[in-house]
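*Asks:* Here's a structure for you.
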Amino acid sequence: MANENTVTIVGNVTEEPNLRFTGSGKPVAAFTVAANRKWDGGEATTFVRVTAWDSLGENAAESLPKGARVVVLGRLDENNYETAEGDKRSYLFITAEAIGPDLRFATAEVTKAGKKQRASSDSDNFDPFEEA
């Protein structure tokens, strides 16, 4: 059996997705989802970074307003980097394979997207969360 790394998160988009392009022209959208958990005596919010590549990223950037309740299916990834001061840091994020509206709280009208030209498949070691 293959080692599966699949996660699902349900929550609200905290800002409109930021669509950027790698040096080779590959589109990637980055955004954060706030997932609320409630239990007897408390509640907490977890903020999860999400990336969506290629047409999924372009469609997410075009379709997801701030506050939209979404279901994100993808894999958990880690980005390691070094600060200007030489400190090693990392963060976890979800690389989305599918994104959809949470129809418990909204309705949706699905429109088939037109075909978009595909860029090369490399990610250029690109950090979509890094400030431009």
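*Asks:* Specify which of the listed residues (R75, R49) is in a strand (DSSP E or B), of a type in the set (D, E, K, R), touching a residue at least 60 places away in the same chain (Cβ under 8 Å) and within 14 Å of D127 (Cβ to Cβ). Let's see the steps before the verdict.
*Replies:* Numbers: R75 fails: within 14 Å of D127 (Cβ to Cβ).
Result of the check over R75, R49: R49.
*Asks:* Follow-up question, since we're still on this one. Listed residues L76, L103; which is open to solvent by 30 Å² or more (accessible area, probe 1.4 Å), touching a Phe, Trp or Tyr at 6+ places or on another chain (Cβ under 9 Å) and among the hydrophobic types (A, V, I, L, M, F, W, C)?
*Replies:* Numbers: L103 fails: touching a Phe, Trp or Tyr at 6+ places or on another chain (Cβ under 9 Å).
None of the other options fit; the residue is L76.
*Asks:* Which residues, counting only those in segment 24-46, are assigned to a loop (DSSP other than H, G, I, E, B) and surrounded by 11 or more Cβ atoms within 10 Å (Cβ to Cβ)?
*Replies:* Let us first name the residues in segment 24-46 that are assigned to a loop (DSSP other than H, G, I, E, B), namely 24-26, 40-41.
Listed by number, the residues that qualify are S24, G25, K26.
*Asks:* Can I ask one more? Consider only pairs whose beta carbons are under 8 Å apart and that are at least six residues apart or on different chains; among these, list those whose first residue lies in segment 8-35 and is within 13 Å of T51 (Cβ to Cβ) and whose second residue is of a type in the set (S, T, Y) and assigned to a strand (DSSP E or B).
*Replies:* From segment 8-35, the pairs are V28/T51; A29/T51; A30/T51.
*Asks:* Here is a follow-up. Name the pairs: first residue in segment 103-132 and among the hydrophobic types (A, V, I, L, M, F, W, C), second residue modelled with pLDDT of 75 or more and open to solvent by 100 Å² or more (accessible area, probe 1.4 Å), Cβ to Cβ under 8 Å, at least 6 apart or on different chains?
*Replies:* Note: pairs meeting the criteria are A119/F21.
The values are calculated or read from the model by the stated rules, or taken from the named source; none is laboratory data. Because the structure is a prediction, the values reported are computed rather than measured. So basically every Cβ, Gly included, is an ideal-geometry build from the backbone, and we count neighbours across all protein chains shown. For the accessible areas, the whole protein counts, side chains as well, though only heavy atoms, and no ligand, DNA or RNA atoms are used. Shrake-Rupley method; radii C 1.70, N 1.55, O 1.52, S 1.80 Å.
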